[in-house]
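Working notes, beginning with the structure itself.
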Amino acid sequence: MNIGWNGGGHHHDLAGIREEARYAASNGFASFWLSQITGPDSLTAIAAIAADAPEIELGTSIVPLYGRHPVALAQQALTAQAATGGRLALGIGPSHKLLVESVFGESYARPFTRTREMLTALSGLVRGEAISVDGEEVVARGQLAIVAPAPPILIAALGPKMLDLAGREADGTTLWMVGPKTIGDHIAPRIREAASAAGRPEPRVLAGVPVCLTYDVDRARAHAAESLKMYGQLPAYRAMLDREGIGGPEDLLVAGPEDAVRAGIAAFEAAGATDLRVAPLAPDEGEAEATRSLLAAIAKEAA
């Protein structure tokens, strides 16, 4: 299992992103991942900091599909791919109804259809093919001329239809708010079956995992409950928490002394995760620094 660093989507400037990317590259992590929320554009940021994080994979988890046309997104992704020397992993997903309808003013009535049609267009465009998609949600035609290899595409897939799509037509899935039980019982079997049926290579299963090295687990979970509370209110994530059989996002925090943290991370691998993106979520800087050090050691061991 590859251990990557979760750069998240909390940054307000490139300096912070660059610092974290340098940390990931110099401390044995296999990859560095950025989310797209309200801060810097993740693909542009990856292109800008590529030289600061040499050799490791640089990924988005995720770029929301609403608000973007596939031709423009493919151009941006291939340009970032060229800037990184072929190290980009493009994580995409439909995001959530709350964001799409309140921020973009678009209908979220068909997120699966939007994702499927966007993936069809993107997949062809990043391979340099001429595409013509005349769908219910997406219309896209044309061909790009950018010298860069096609990046792997991961889909934020939680439900059965989206997992089937990710296995059948993409390179894997990128997850958030999903625990090892759900990966083992639901995510990994479904996406692997779809990939096998389509004659595709075994898909990647990238899980996002918050971690805290601590001797006060209750305090750590209370901090996580406050930090992550909005995720428990989003229907797609709430369904995954219910499937895991836990009360809230804080229960996904891998927390405790070193042996507990190592066991928690190992549980994701045993469940079928091929990749993790990890980061500290701690009540104070002392625990955060201790967590970073342990995660770096685990990443080096995994490599």
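Pairs needed: first member in the stretch 154-173, closer than 10 Å to Arg116 by Cβ; second member anywhere, hydroxyl-bearing (Ser, Thr, Tyr) and modelled with pLDDT of 95 or more; C-beta distance under 7 Å; at least 6 residues apart or different chains.
Ile155/Thr115; Ile155/Thr173; Met162/Thr115; Leu165/Thr115; Glu169/Ser123
Per-residue answers, yes or no, for (1) in contact with a Pro (Cβ under 7 Å, 6 or more places away or on another chain); (2) small (Gly, Ala, Ser):
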{"position": "Gly85", "(1), (2)": "no, yes"}
{"position": "Leu98", "(1), (2)": "no, no"}
{"position": "Met118", "(1), (2)": "yes, no"}
{"position": "Gly124", "(1), (2)": "no, yes"}
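What number of residues within the stretch 88-121 satisfy the criterion of being in contact with a Ser or Thr (Cβ under 9 Å, 6 or more places away or on another chain) and among the charged types (D, E, K, R)?
The total comes to 1.
Looking only at the stretch 63-87, which residues are surrounded by 24 or more Cβ atoms within 10 Å (Cβ to Cβ) and in contact with a Ser or Thr (Cβ under 7 Å, 6 or more places away or on another chain)?
Leu65
State all residues of the stretch 215-237 that are within 20 Å of Leu158 (Cβ to Cβ) and surrounded by 14 or more Cβ atoms within 10 Å (Cβ to Cβ); if no residue qualifies, say none.
Hits for the stretch 215-237 are Leu228, Tyr231, Gly232, Leu234, Ala236, Tyr237.
Out of (1) out of contact with any strand residue (DSSP E or B) (no Cβ under 8 Å at 6 or more places or on another chain); (2) more than 30 Å from Ile153 (Cβ to Cβ), the odd one out for Leu294 is which?
(1)
Taking only pairs six or more apart or across chains, which ones have beta-carbon atoms under 7 Å, a first residue in the stretch 217-234 that is at pLDDT 95 or above, and a second residue that is surrounded by 14 or more Cβ atoms within 10 Å (Cβ to Cβ) and β-branched (Val, Ile, Thr)?
Ala220/Thr214
Please determine, by comparing only the residues of the stretch 174-190 that are hydrophobic (A, V, I, L, M, F, W, C) and either assigned to a helix (DSSP H, G or I) or without any contact (Cβ under 8 Å) to a residue 12 or more places away in the chain (or both), which one is surrounded by the fewest Cβ atoms within 10 Å (Cβ to Cβ).
Among them, the one singled out is Ala188.
The values are calculated or read from the model by the stated rules, or taken from the named source; none is laboratory data. Every value quoted in this text rests on a predicted model; they were computed, and no experiment measured them. For neighbour counting, all protein chains shown are included, and Cβ atoms are generated from backbone atoms with ideal geometry for every residue, glycine included.
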